[in-house]
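To start, the structure itself, in structure tokens.
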Amino acid sequence: MVKLKIYKKIISVLDDLGFEYNDSFSIELPNNKKFGDYSSNVAMVNSKNSKMNPRKLAETMKKRLEKNDIFSEVTIAGPGFLNFKISHRLFQKALYDIEKQKEHYGRTDYGKGKKILIEFISANPTGPLNIVSARAASYGDTLYRIMKYTGYQPMREFYINDAGNQVDILAESLELRYREKLGESIGEFPLDAYHGDYLKDLAQELVDAEGSKLIHFSEKGRLSKLKNFALTRMHEIQTNSLDKFGVKIDSWISEKTLRKQGIVEEVMSYLTEANVTYEKDEAIWFESSKIGDEKDRVLMKADGTFTYFVPDIGYHITKFQRGFEKLIDVLGPDHHGYIARLKASIEALKYDSSKLDIVILQQVNLFENGEQVKMSKRSGKFITMDELIADVGKDAARYFFISRKSSSHLNFDLELARKKSAENPVYYIQYAYARISSILKKAKKEKIKIGKISLSVLEGLNNDDEIEIIKKMLELPNLLNSISESLEPSRLATYVYELAAEFHKYYQKYSIIDSENIELSKSRLAFITIIQRVIKICLNLMAISTPEKM
RNA sequence: GCGCCCGUAGCUCAAUUGGAUAGAGUAUCUGACUUCGAAUCAGAGGGUUAUGGGUUCGAGUCCCGUCGGGCGUACCA
């Protein structure tokens, strides 16, 4: 709000100056308070347009800007920054504006109702969700919440790869465990089978439900039964983990179902029609190298079956057909080689591949006792999402993952997460929230009532520390919009941490409740009520809880 | 070899997406509870942002090279 006012003033001055100006300058919080409340690079950006050097232009603008009631001071610094000091009165009004928006503060219509599809996790249904999926879940879900808050119409989708080799191997692995439970000797467990203990549990469930009945089925019938059973249970297990993690999936898409609906044939015919396929070595290839990929890719193998790529192309076409204006795929680092061919296929079919944003979440390196643990689903050596939640809690786990930029490889030290969970920054933020609750409770006990917060109450907030916190809170709407644009929800984690830190400092320095000065107490109580609400808005967007007591 | 990503304090990470003197936590050291919650706060030390160039008013951020690390480079998914 304050920034917008400054922006308008600058624009009106530029209009007066009468040259063709560039309006894409910025208005920022300078990182050093001595430069004032806000600063703008407008003079540097428009130096060429005005045919003046930046400082000269800044001088000219300063003179015109000074005759204005919103600036208490305008100065020029460095290469030509215009620095503004804003009247406290304006900040108090802006704070009142935040107050009036209550728990909707920060909500915008920035996204203009655009339909967005966020596909994330999409883990194979061959085992429980692991720590990598947990990162994707935190990321995708938080992004979803923020986009929704900023006026988009996002949807969370999970693509289930329930067709293909890996599912056959799953069925075979389960069969071995099943026989094992029935007392058969299965010898050495095959290397390429799924080794995790979860299959032993599933086998036990089968034995409990069916006894040894399945042994007498035909092999085909048995494997099919085992496969369906495993897929159903895996889906339940994964859904359950996500549920515990606070993540709801709006739409599950099954590869098997897509195949049944003939998507493979459809894609093949489209691609053939588009004249981008050829036959070689008894296989059918896609000429992706002509559309930006490094080499051509196989669509149909020599044995007549199709690669995973084909239904995936079809799947992406359905995303376009369902009317989404923007597609976000959240993938793991081992999929970066996949981007070019996917985009190539979209181009080949005449869809707009620039609508597809692929976010690669870098890998999670797991450490235990100072050593890196190599994770692999086949070997059964991995930390499940459930274990993670049980160890460090949903809130800490979510915050940990969200707070890292998607592009950073992150190290996850299990020992540290378990042992030092109380030192996790998420507690620092929650503590600020709980602390405010506690102060408000005390005020109530002392019969200091704030009631409905009015502008005149907020006028009691006059010191620099209070103004700093107001400025910080004013940043939220722009921040959220910018996160929706840059797809980096990590910035919200940083933001709310900083806000909590400013509150803790403020608390330490000033008494909120001062029985000698009831008026001031009321102002400050109103103030921390608003701070608390902003913290809550942020934590809600990350699906992190806001305990009143800790 | 080729392609993509990463390299910031001892360690884990930030840095308003190109802004001014690169910041937090942790670890080390020093202070602050008879008090609205010490899961907190104040302070000290810790940096040639891997490295060499370039682009411009201005670079941790963009471009090129080099050196390290990860991943990919399947008729697996």
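Coordinate-derived values only; no laboratory data. Here the structure is a predicted model, which means the values were calculated and not measured. Ideal geometry is used to build each Cβ from the backbone, glycine not excepted, and the neighbour counts take in all protein chains shown.
With a Förster radius of 35 Å applied to the C-beta separation of A:VAL373 and A:ASP168, the computed FRET efficiency comes to 0.80. A simple rule links phi to the HN-Hα coupling: the Karplus curve 6.51 cos²θ - 1.76 cosθ + 1.60 with θ = phi - 60°, which for region A:383-399 gives 9, 7, 4, 4, 4, 4, 5, 5, 6, 10, x, 4, 4, 5, 5, 4, 4 Hz, with x for Gly and Pro.
For chain A, which longest stretch is free of loop sites, where a loop site is one of the chymotrypsin sites (Phe, Trp or Tyr not before Pro) that DSSP puts outside H, G, I, E and B and that has at most 14 other Cβ atoms within 10 Å? No qualifying site falls inside A:309-509, the longest such stretch. Eigen-decomposition of the gyration tensor built on the alpha-carbon atoms of region A:79-120 gives equivalent ellipsoid semi-axes of 32, 20, 8 angstrom, largest listed first.
Residue exposure proxy: A:ILE528, A:ILE339, A:ILE118, ordered by other Cβ atoms within 10 angstrom of their Cβ from fewest to most, comes out as A:ILE339, A:ILE528, A:ILE118. With bins 10 Å wide beginning at 0, the percent of Cα pairs of region A:411-465 falling in each bin runs 18, 27, 28, 14, 12, 0. List the aspartates and glutamates whose Cα lies under 17 Å from the Cα of A:LYS319, skipping any in the same chain that are fewer than 8 positions away. A:LYS319 reaches A:GLU119, A:GLU157, A:ASP250, A:GLU255, A:GLU266, A:ASP329, A:GLU347, A:ASP352, A:ASP357. FRET efficiency for the pair A:THR494 and A:THR60, taken as 1/(1 + (r/R0)^6) with r the Cβ-Cβ distance and R0 = 51 Å, rounds to 0.85. Our coupling estimate for region A:523-532, obtained by passing each phi through the Karplus curve with A = 6.51, B = -1.76, C = 1.60 and θ = phi - 60°, is 4, 6, 5, 4, 4, 5, 4, 5, 4, 4 Hz, Gly and Pro reported as x. The Kirkwood hydrodynamic radius of region A:165-244, based on inverse pair distances between different Cα atoms, is 12.9 Å. Less than 5 angstrom separates the built amide H of A:ASP37 from those of A:PHE84, A:LYS85, A:ILE86, all sequence-distant by 5 or more or on a different chain. Taking Cα centre as origin and charging only the Cβ of basic (Lys, Arg, +1) and acidic (Asp, Glu, -1) residues, the dipole magnitude of chain A rounds to 2480 debye. Computed from label points 7 Å out along Cα-Cβ, the spacing between A:ASP352 and A:SER515 is 6.6 nm. With a simple spin-label model that places each label point 7 Å from the Cα along the Cα-to-Cβ direction, the separation between A:GLU294 and A:LYS48 comes to 3.6 nm. Comparing region A:27-127 with the 2.2 N^0.38 Å rule of thumb, its C-alpha radius of gyration ratio is 1.65 (two decimals). If I stretch the segment between A:GLU387 and A:ALA274 completely, what's the gain in nm (0.36 nm per residue apart, minus their alpha carbon distance), one decimal? Gain in length upon complete extension: 35.9 nm. Projecting the Cα atoms of A:LEU82, A:ILE70, A:ASN46 onto the charge dipole of region A:2-86, computed from C-beta unit charges around the Cα centre, puts A:LEU82 farthest toward the positive end. Working value for region A:352-509: equivalent-ellipsoid semi-axes of 38, 23, 13 Å, each the square root of 5 times a Cα gyration tensor eigenvalue, largest first. A Förster distance of 45 Å, applied to the separation of the beta-carbon atoms of A:TYR428 and A:PHE189, puts the FRET efficiency at 0.50. The loop-placed GluC sites (Glu not before Pro) in region A:462-550, going by DSSP, that have at most 14 neighbouring Cβ atoms within 10 Å of their Cβ come out as A:GLU516, A:GLU548. Please report the antiparallel percentage of the DSSP beta bridges confined to chain A, to the nearest 5. If I count the DSSP bridges inside chain A, around 50 percent turn out antiparallel. Which of the residue pairs A:LYS220/A:LYS260; A:LYS248/A:LYS549; A:LYS472/A:LYS509; A:LYS452/A:LYS472; A:LYS112/A:LYS472 have a Cα-Cα distance greater than 21 Å in the structure shown? Long pairs (Cα-Cα over 21 Å): A:LYS248/A:LYS549; A:LYS452/A:LYS472; A:LYS112/A:LYS472.
Residues whose amide H falls under 5 Å from that of A:ILE358, counting only those 5 or more places apart or on a different chain, are A:ASP329, with hydrogens built in the peptide plane. Full extension of the chain between A:GLU73 and A:LYS100 gives 6.9 nm of extra length, using 0.36 nm per residue less the Cα-Cα distance. When the GluC sites (Glu not before Pro) in region A:257-286 are filtered for DSSP coil states and for at most 14 other beta-carbon atoms within 10 Å of their beta-carbon, the remaining sites are A:GLU282.
Sparse packing (at most 12 other Cβ atoms within 10 Å of the Cβ) combined with a DSSP loop state is found for the following trypsin sites (Lys or Arg not before Pro) in region A:230-292: A:LYS248. Taken over chain A, the convex hull of the Cα atoms encloses 204 Å³ per residue.
Residues in region A:92-109 carry Karplus couplings, in order, of 5, 5, 5, 5, 4, 5, 4, 4, 5, 7, 6, 7, 9, 4, x, 6, 9, 10 Hz; the curve used is 6.51 cos²θ - 1.76 cosθ + 1.60 with θ = phi - 60°, and Gly or Pro positions show x. Measuring between alpha carbons in the structure, the pairs from A:LYS442/A:LYS471; A:LYS301/A:LYS350; A:LYS3/A:LYS100; A:LYS200/A:LYS343 lying more than 29 angstrom apart are A:LYS200/A:LYS343.
If you model region A:216-348 as an ellipsoid using its alpha carbon gyration tensor, with each semi-axis the square root of five times an eigenvalue, the axes come out at 29, 22, 14 Å, biggest first.
Potential lengthening of the chain between A:LYS549 and A:HIS235 amounts to 109.5 nm, from the contour at 0.36 nm per residue minus the alpha-carbon distance.
Normalising by residue count, region A:2-86 has a Cα convex hull of 79 Å³ per residue.
Remark on A:GLY151: its backbone amide H falls under 5 Å from those of A:THR108, A:GLY111, a criterion applied only to residues 5 or more positions apart or on other chains, H modelled at 1.01 Å from N.
Going by a ≥ b ≥ c, the root eigenvalues of the Cα gyration tensor, does region A:447-529 fall in the rounded group (a/c under 1.5), the prolate group (a/b larger than b/c) or the oblate group? Prolate.
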